[in-house]
Amino acid sequence: MKLIGSFLLFLPFISAKRTYNSLPEQGRFRFKLFKCEPTQLCLETVAYPNYTCYAKAVSRTVSTVSGYFLLRKPIYEGYVSGEILYKYGTIYRQVIKIPEFNFCEFISLSKNSILLRQLYIIAETAAPGFVHECPYTVFEDYNILFPSHVLFSLFPQGDYKAILNFNLGKDGPFMGIITLIGTAESHVKETFG
């Protein structure tokens, strides 16, 4: 009788699903690195130096990213460009080039570009409300978990690196780089090329 009682006591823990692993058949994305590298000019004129960017493991198979940038003055215009790289052996090679665009117009631009639309869906699903119209006074979001059901319709299994470059204005000064490295675990086993 004690054995049955003990089993019934632990049954909810055995059968409970983790919220981070709600779509196991669709794969996961594990963050290994999230690094922000603002320029000295950025820290002197645009953002305060107490910024933070990091990746954090939640479990052995799930990790999140968090970032915080408090701005000295609102940003009304800023440009982003970048690339997504796929790891072949020991070398990362570019698979997607992200053309320069005004991130203040990201929502309206995403209606016309398939790539920007997918990036917007990923961003809005991972961090609702993070992407909005300008002005930006703070960039802040914690424990962002990439939506695997959106991400793996685009990317096969493997290691990825995303590099984003930020400029203040169309021909404005270079503000910094954000680097994100992670591993996609997916049922899509093909590779790029």
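Read-outs: derived from the displayed coordinates by stated rules, not from any lab. Remember, predicted model here, so these are calculated numbers, not experimental data. Neighbour counts run over all protein chains shown; Cβ positions are idealised from the backbone, glycine included.
Of the residues making up the stretch 99-116, those that are part of a helix (DSSP H, G or I) and either over 21 Å from residue 165 (Cβ atoms) or more than 16 Å from the chain's Cα centre (by Cα) (or both) are 104, 105, 107, 108, 109, 114. The set of residues in the stretch 48-106 being closer than 25 Å to residue 135 by Cα and among the hydrophobic types (A, V, I, L, M, F, W, C) consists of 53, 65, 69, 70, 71, 75, 80, 98, 101, 103, 104, 106. Kindly indicate whether residue 96 is touching a helix residue (DSSP H, G or I) at 6+ places or on another chain (Cβ under 8 Å), within 22 Å of residue 126 (Cβ to Cβ) and in a strand (DSSP E or B). Yes. Can you confirm whether residue 81 is closer than 23 Å to residue 155 by Cβ, surrounded by 13 or more Cβ atoms within 10 Å (Cβ to Cβ) and of a type in the set (S, T, N, Q)? Criteria met by residue 81. Among all residues of the stretch 130-152, there is none that is of a type in the set (Gly, Ala, Ser) and loosely packed, with under 15 Cβ neighbours inside 10 Å.
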